[in-house]
Amino acid sequence: MSDTRKDRCKPYACRIQDCLSKNNYQEDKCLDVLEDMRQCCLKWHKVSVCCSGIDLEKSYLPEEKKPSAKSKK
């Protein structure tokens, strides 16, 4: 039995909506929040209805903010 009230990625989806609303729907102002959602969906996409529109292959962070880019220096 699926219970959407326990969707582990729903809080991230709500944070995205809040961020977009506060930033006049400019996605580039919410990249960290979008990436947090993607990270949740990487783990829970098979059971989370909130992950249907998230591209799991695409990081939302610019190259300089990615952990792997920092560790290669």
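Give me the percent of accessible area attributable to carbon and sulfur for the range 13-55, probe 1.4 angstrom.
48
Work out how much length K58 to Q39 would gain on full extension: take 0.36 nm times their residue separation and subtract the Cα-Cα distance, in nm to one decimal.
Between K58 and Q39, full extension yields 5.8 nm more.
The values are calculated or read from the model by the stated rules, or taken from the named source; none is laboratory data. Keep in mind that this is a model prediction, so the values were computed, not measured. Keep in mind that these areas ignore ligands, DNA and RNA; they rest on the heavy atoms of the full protein, side chains included. Shrake-Rupley method; radii C 1.70, N 1.55, O 1.52, S 1.80 Å.
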